[in-house]
Structure formats: structure tokens, C-alpha cells
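So the structure is just underneath, and the comments pick up after that.
The values are calculated or read from the model by the stated rules, or taken from the named source; none is laboratory data. From a predicted model like this one, the values you see are computed outputs, not experimental measurements. So basically every Cβ, Gly included, is an ideal-geometry build from the backbone, and we count neighbours across all protein chains shown.
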Amino acid sequence: MTDIELITHIKEHNGDAFNNYLRNILTAESKMSTGVLNVVREWQTEKPHAGGLMPITGMVAKVLVRENRLEEALKYFLIARKQVPEYTSWFLEYVYFSIAVKASLGKTIDKVDLDDALMAIRQGKFLLRNGFSASGLTERYMGRLHQLREEWGEAIQYLLEAKKRLQEEDFVATDQALFLSYMKTGKTNEALKLAEEGIGRGGKFLPFYEKLRGSLQKQK
């Protein structure tokens, strides 16, 4: 019996229980921000899942980051890590975000965090070696995990590979990470080229790439 069939059965055979269930839903929704409510409703569709069931906790956590509710976001990312199988790009993603948000909160990144990042990187290498990832997300988060470990040079190859498969916001976020690695490793010419290529493409992300180029010019 599916969830919908179960709810329909309850509605038909136990109206009081159904009304109580509905009140609980409306109460919970009334406490959500507009962003969280929208993503919770999106989660109920097939759109975000791409062949697997993405945990609602991970989707909500990203909204909480955008709303600057970082303590709550960290809690949900830590839950999401436990809700997806290891050796998946989702697992790498949630390991990355759980550590990155912790850093944004000013909390100490300790040996456990660094070991977790290394463990996720090794899982990513296994996925790539065996052809289990083709979306570019594995490479993206491997690069970001290397950066959390301050392995700026090691991140570059993975971020470059990720760019070949990513689009829109994911592509731009990867460019931002790549720009940072270039700057940290003294590759200012590559950083400038990346910014100018983005400017040349134009479009809605033009101001972002102009800002990157401007940050280089200020350093001269």
C-alpha cells in the first residue's frame, strides 16, 4: 500500500484520525519559511530525484544555508549524510556541506572532519575509477573536499573535469571554487582567463565573473 492509498483509506474509514493528520500537517507548514515550504513540496514530486530518492533533509538544509540559518542547516546536513548510501555523489556532497557549514559557523575543523573529507575523496576516486559517476558532481565535491583540507592544487584537476558536465549554477559554483584554487596556488593567469571566459559568455552570470576579474585587478 502506497502512502497515498494509506491516507485515502484512513480518510474513508477514520475521519477523526484523518482530520488530526491534516491539522498536524497544516501546523507544521505554518512554521516553515516560504523557501523551506516550497522545497518540501518540490520534494514530493519526481523532479529533484533523478532516479533515486533524495533525502528531504539535504534539500531543506540548502534552503537554510540561503536563509543564513546555518546552525539548523548543519543539523540537517549531518542527518542527510546518514540517509544516503556511501560511495555516491550525494554522500560526498553532504560530507562536504556538513564540514563547510561548520567552518562557516566559526567552529574548529578538527582531525575527524579532515579524515571524513579524505574518506569521501577516496570513495570518489573509487566511483570514477569504476565508471559509477557521470554527472560531474563527484568531481565537483572531490575538488571541494580537497579545498577543505587546504589541498588547493589537488582540487584543480577535479574541478576542471566537473566543469565539462555541469551547467548553470553548478557550473558557476565550480568556477568560483576553481578560481579560488588558482589564486591559492599562484596561478593568476589561469584565474584571469577563467574570469574573462565567463565574461565572454555573457548572460545572467556576467556580474559574477566581472566581480572575479575585479578582485584580480585590485591586487595589482
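Some points to look at:
- When segment 89-121 is limited to residues that are polar (S, T, N, Q) and in contact (Cβ under 8 Å) with a residue 12 or more places away in the chain, the one that is surrounded by the fewest Cβ atoms within 10 Å (Cβ to Cβ) turns out to be Ser104.
- Restricting attention to segment 105-145, the residues that are part of a helix (DSSP H, G or I) and more than 24 Å from Lys163 (Cβ to Cβ) add up to 7.
- The listed residue being buried (at least 17 other Cβ atoms within 10 Å of the Cβ), outside the structural domain of Arg66 (by TED's automatic domain parsing) and more than 20 Å from Met142 (Cα to Cα), out of Leu178, Leu212: Leu212
- Those residues of segment 181-206 which are closer than 21 Å to Phe97 by Cβ and buried (at least 17 other Cβ atoms within 10 Å of the Cβ), in sequence order: Ser181
- Once segment 130-175 is narrowed to residues that are farther than 16 Å from Leu118 by Cα, surrounded by 17 or more Cβ atoms within 10 Å (Cβ to Cβ) and polar (S, T, N, Q), the residue that is nearest to the chain's Cα centre (by Cα) is Thr174.
- Selection within segment 180-194 - over 16 Å from Gln157 (Cβ atoms) and not in a helix (DSSP H, G or I): Gly186
- Residue in segment 113-128 that is over 30 Å from Gln217 (Cβ atoms), at pLDDT below 95 and either small (Gly, Ala, Ser) or in contact with a strand residue (DSSP E or B) (Cβ under 9 Å, 6 or more places away or on another chain) (or both) present: no
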